[in-house]
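A.B. asks: Before I ask anything, let me first share the structure, which is written out below as structure tokens.
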Amino acid sequence: MIELLQGGAYLVGGTEVIRDDADAVAAIKAKTGKEISKAEAAKNTIAYGILESHNTSGNMEKLKIRFDKLTSHDITFVGIIQTARASGLQKFPMPYVLTNCHNSLCAVGGTINEDDHMFGLSCAKKYGGVYVPPHQAVIHQFAREMLAGGGRMILGSDSHTRYGALGTMAMGEGGPELVKQLLNQTYDINMPGVVGVYLTGAPVKGVGPQDVALAIIGAVFKNGYVKNKVMEFVGPGVASLSADFRIGIDVMTTETTCLSSIWKTDDQIKEFYDIHGRSEDYKELNPGEVAYYDGMIMIDLSTIRPMIAMPFHPSNTYTIEELNANLMDILDETEKRALVSLDGAVEYHLKDKVKNGKFIVDQGIIAGCAGGGFENICAAADILKGQYIGADEFTLSVYPASMPVYMELIRNGCAATILETGAVMKTAFCGPCFGAGDTPANNAFSIRHSTRNFPNREGSKLQNGQISSVALMDARSIAATAANKGVLTPATDFDGEFGKYKYHFDSKIYANRVFDSKGVADPNAEIHFGPNIKDWPAMGALPENLVLRVVSEIHDPVTTTDELIPSGETSSYRSNPLGLAEFTLSRKDPAYVGLAKDIQKAEKARMAGEHPCQAHPDVKPVMNAVKTQFADASHENTGFGSTIFAVKPGDGSAREQAASCQKVLGGWANIANEYATKRYRSNLINWGMLPFLIAEGELPFKNLDYLFIPGIKKAVEEKAEVIKAYKVDAEGGALGEAFDLRLGELTDEERQIILKGCLINYNRV
């Protein structure tokens with residue numbers, strides 16, 4: 001289905017791929033009559049042009065990006081605005097849209113969700129923003145309908161900020177990166193590599209965008225082919241895909257760990273803008289006559305078949321046909337993988353869902369930024385027409401991505417078709433994507449056209465002995481399964497016809513309900529603070545030396561942000577840094593919070609001018625051991641705190657709280673073999689945490705050990721490539737052998753943020 005070219009490739013005339021080998025230059029000259037260098041051809045990608053137009057550094061190797069627009073939802077915007085306020089925010093300097101699609105239910109924690117919403121509305125008035133009330137639209141659908149534009153760049157505090165299909169390069173990052181934009185600072189990165197995604201052919205009937213997306217994720221996630229790069233979709237196959245189909249593929253590029261995405265645009269994208277009353281925002285985008293890509297993904301769309309991503313990762317992919325043909329073997333393998341993902345905390349079974357040779361699922365969900373699009377739901381309605389889902393365990397819920405989409409489904413009859421089956425239509429809400437809605441029964445299995453299927457993303461709680469799981473599928477195959485009463489069925493088995501549905505966008509829905517300041521701030525507006533909205537606690541600057549206690553040791557191949565700070569009901573506390581911190585690693589390592597708070601006592605005492613050994617009994621023997629080699633080390637120049645080790649932390653969500661919660665609990669660092677995403681590493685840095693790297697192999701320390709890092713402040717200031725650290729043998733009264741840590745590349749601004757202790761301190765006025 002998919003081929004990954006090894007090495008780079010040229011795209012000539014937008015239609016022909018030439019591998020980067022010894023004959024490439026001659027082949028290009030034969031076709032174009034021109035010679036072109038690799039460096040010049042690299043400037044002819046769509047991505048390069050957009051990045052160049054938004055770069056303020058004058059150096060295309062070291063980018064300093066200013067975005068056109070910002071967007072956040074209601075479990076991120078409170079912390080972002082609170083951080084910016086602490087740094088002197090007076091007015092939003094660019095359009096900033098605050099949507100309310102994550103804590104929309106207002107059903108957990110009393111008034112705190114609606115208090116956050118009122119905070120958002122009042123801030124939109126005071127600082128000149130846009131406020132989208134709950135249930136009107138999920139964050140990314142509103143951005144597609146109202147914000148995207150050809151050649152623009154949008155930064156969002158949600159990892160699935162992806163509008164490349166509409167010609168907008170969008171990135172999802174942790175909240176501090178939005179704070180920088182609000183304070184007229186820049187997004188600083190090295191020029192990323194650009195990988196072409198060359199499409200040919202057209203999808204067969206029954207194959208949808210999630211099928212193509214999962215096939216790509218399965219091909220590139222584990223090998224890191226597109227990690228921190230831009231995916232650029234080109235080739236003749238693009239024309240065979242509708243705007244909605246492209247959007248459905250594009251939003252899932254986040255799960256490849258790429259930095260961003262962009263597509264060539266054409267009349268179908270122009271029509272999208274025309275329909276939404278924004279014709280002036282369309283821009284035709286194409287690569288230059290000869291464009292160079294750092295890699296090329298070759299996809300014949302006609303070979304893609306209905307896919308399923310089995311628990312517990314979007315890259316754990318199979319065709320549905322393959323799964324059904326090898327049921328017991330694949331289910332057994334999935335159960336074995338679950339032992340690692342779930343740490344053996346609960347028993348997990350899938351093979352018992354096989355009845356008479358058929359795999360029976362318990363729930364179907366079509367929802368959110370990935371599944372809730374107009375065409376997906378119309379196709380599901382066509383498959384379900386005249387069917388019913390049955391009166392047994394199986395349930396089906398459908399969430400249109402916005403009220404305008406919902407309205408059109410009512411007008412064209414698709415909503416009625418779905419409701420007649422026994423399925424339920426719900427309002428725009430992201431809950432099924434992160435465990436805040438439609439949680440299945442214990443041991444149930446859910447199939448979802450949503451974005452992720454990490455452990456607990458469906459809402460179960462390992463600490464309470466509860467486990468259910470999610471597989472990702474396309475809306476069409478979910479509908480085919482629902483029509484088959486829960487028997488796993490690919491949509492290619494559907495022998496009916498798919499209708500041609502024209503979309504009409506009703507702009508009055510937003511005009512009548514969304515608050516839009518038009519960029520005009522009202523300094524006299526009062527901010528609404530609910531009792532759960534708390535300021536960030538004080539955070540100290542980086543001391544000369546550090547004593548760190550390892551308080552969690554994680555050896556999973558990848559650790560997700562969901563495991564670092566769980567989603568679901570914890571989302572209600574994201575406006576309360578201390579309250580949320582109590583949930584840190586709660587589903588992965590329940591001992592973490594107590595251990596981190598324990599060693600934090602020493603640092604709190606030190607910052608208060610007291611001797612830390614009075615607050616923590618380990619400090620004295622640890623410092624005695626340190627002084628055997630570093631006589632100048634003392635509690636005046638040595639900070640105390642915690643660190644965790646994880647092989648590859650940070651896959652998944654952009655949520656800054658995966659880092660900030662560790663910082664609030666006294667974390668000074670992470671130690672990892674590598675970081676899964678750029679955004680998680682950036683979150684660590686912006687919260688003043690050291691993103692240490694250690695070579696793969698046997699660790700020189702274990703959980704609960706103390707580590708001493710001498711001269712860390714000087715090492716950061718002087719850009720030391722290697723930083724020496726020591727395991728502390730407190731009982732033996734000495735230090736162990738030195739081992740090497742590295743910080744990797746840091747900008748000067750990032751070093752200053754770490755030295756100051758966090759972005760708030762760096763910007764504080």
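A.B. asks: Anything in region 421-472 that is free of Cβ contacts under 8 Å to residues at least 60 places away in the same chain and of a type outside the set (S, T, N, Q)? List them, or say none.
C.D. replies: 422, 423, 424, 425, 426, 458
A.B. asks: Still on this structure, please answer the following. With 363, 387 as the choices, which residue is touching a helix residue (DSSP H, G or I) at 6+ places or on another chain (Cβ under 8 Å) and either in contact (Cβ under 8 Å) with a residue 12 or more places away in the chain or surrounded by fewer than 22 Cβ atoms within 10 Å (Cβ to Cβ) (or both)?
C.D. replies: So the residue among 363, 387 that is touching a helix residue (DSSP H, G or I) at 6+ places or on another chain (Cβ under 8 Å) and either in contact (Cβ under 8 Å) with a residue 12 or more places away in the chain or surrounded by fewer than 22 Cβ atoms within 10 Å (Cβ to Cβ) (or both) is 387.
A.B. asks: Sticking with this structure for a sec: In this structure, does residue 745 turn out to be part of a loop (DSSP other than H, G, I, E, B), out of contact with any helix residue (DSSP H, G or I) (no Cβ under 8 Å at 6 or more places or on another chain) and not small (Gly, Ala, Ser)?
C.D. replies: yes
A.B. asks: Could I ask something else about it? Among the strands (runs of 3 or more DSSP E) contained in region 609-722, which hold 1 or more residues that are closer than 24 Å to residue 536 by Cα and small (Gly, Ala, Ser)?
C.D. replies: Filter on region 609-722 gives 638-646, 649-651, 667-672.
A.B. asks: For region 666-679, give me each residue that is more than 23 Å from residue 545 (Cα to Cα), of a type outside the set (A, V, I, L, M) and in contact with an Asp or Glu (Cβ under 8 Å, 6 or more places away or on another chain).
C.D. replies: Once the filter is applied, which keeps residues that are more than 23 Å from residue 545 (Cα to Cα), of a type outside the set (A, V, I, L, M) and in contact with an Asp or Glu (Cβ under 8 Å, 6 or more places away or on another chain), region 666-679 yields 677, 679.
A.B. asks: Within region 181-204, how many residues turn out to be more than 29 Å from residue 42 (Cα to Cα) and either buried (at least 24 other Cβ atoms within 10 Å of the Cβ) or in contact with a helix residue (DSSP H, G or I) (Cβ under 7 Å, 6 or more places away or on another chain) (or both)?
C.D. replies: 4
A.B. asks: Let me ask something additional. Checking the conditions here, which among 332, 244, 250, 281 is within 28 Å of residue 463 (Cα to Cα), of a type in the set (Asp, Glu) and either assigned by TED's automatic domain parsing to the domain that holds residue 394 or in contact (Cβ under 8 Å) with a residue 24 or more places away in the chain (or both)? Spell out how you get there, then give the answer.
C.D. replies: Details: 244 fails: within 28 Å of residue 463 (Cα to Cα); 250 fails: within 28 Å of residue 463 (Cα to Cα); 281 fails: within 28 Å of residue 463 (Cα to Cα).
From the options 332, 244, 250, 281, the qualifying one is 332.
A.B. asks: Let me ask something else. Is it the case that region 83-95 has a residue that's closer than 18 Å to residue 514 by Cα, part of a loop (DSSP other than H, G, I, E, B), modelled with pLDDT of 95 or more and hydrophobic (A, V, I, L, M, F, W, C)?
C.D. replies: Scanning region 83-95, I find at least one residue that is closer than 18 Å to residue 514 by Cα, part of a loop (DSSP other than H, G, I, E, B), modelled with pLDDT of 95 or more and hydrophobic (A, V, I, L, M, F, W, C), so the answer is yes.
A.B. asks: How about region 618-657: which of its residues are among the β-branched types (Val, Ile, Thr), within 20 Å of residue 672 (Cα to Cα) and in contact with a strand residue (DSSP E or B) (Cβ under 6 Å, 6 or more places away or on another chain)?
C.D. replies: Listed by number, the residues that qualify are 643, 644.
A.B. asks: Could you list, in sequence order, all residues of region 580-603 that are in contact with a Gly (Cβ under 8 Å, 6 or more places away or on another chain) and not hydrophobic (A, V, I, L, M, F, W, C)?
C.D. replies: Once the filter is applied, which keeps residues that are in contact with a Gly (Cβ under 8 Å, 6 or more places away or on another chain) and not hydrophobic (A, V, I, L, M, F, W, C), region 580-603 yields 597, 600, 603.
A.B. asks: Here is a list: 197, 230. Which entry is touching a Pro at 6+ places or on another chain (Cβ under 6 Å) and at pLDDT 95 or above?
C.D. replies: One residue alone meets the criteria, 230.
A.B. asks: Sort out which residues of region 500-517 are farther than 12 Å from residue 142 by Cβ and assigned to a helix (DSSP H, G or I), and write them in order of number.
C.D. replies: 508, 511, 512
Each row is one residue, and each column tells you yes or no for (1) of a type outside the set (Val, Ile, Thr); (2) surrounded by 21 or more Cβ atoms within 10 Å (Cβ to Cβ); (3) farther than 21 Å from residue 730 by Cβ.
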site: 560; (1), (2), (3): no, yes, yes
site: 578; (1), (2), (3): yes, no, yes
site: 582; (1), (2), (3): yes, no, yes
site: 585; (1), (2), (3): yes, yes, yes
site: 589; (1), (2), (3): yes, no, yes
site: 598; (1), (2), (3): yes, no, no
site: 604; (1), (2), (3): yes, no, no
site: 609; (1), (2), (3): yes, no, yes
site: 621; (1), (2), (3): yes, no, no
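A.B. asks: Looking at region 118-176, what strands (runs of 3 or more DSSP E) fall wholly within it and have at least 1 residues that are under 24 Å from residue 509 (Cα atoms)?
C.D. replies: Correct list: 130-132, 153-156.
A.B. asks: Give the residue that is surrounded by the fewest Cβ atoms within 10 Å (Cβ to Cβ), with candidates limited to residues of region 11-31 that are under 19 Å from residue 196 (Cα atoms) and among the acidic types (Asp, Glu).
C.D. replies: 21
A.B. asks: Next question, about the same structure. Quick test for you: out of 759, 743, pick the one residue that is modelled with pLDDT under 95, buried (at least 18 other Cβ atoms within 10 Å of the Cβ) and either closer than 30 Å to residue 260 by Cα or not assigned by TED's automatic domain parsing to the domain that holds residue 651 (or both).
C.D. replies: 759
The values are calculated or read from the model by the stated rules, or taken from the named source; none is laboratory data. Keep in mind that what you see is a predicted model, and the values were worked out from it rather than measured. As a convention, Cβ positions derive from the backbone with ideal geometry for all residues, glycine included, and neighbour counts pool all protein chains shown.
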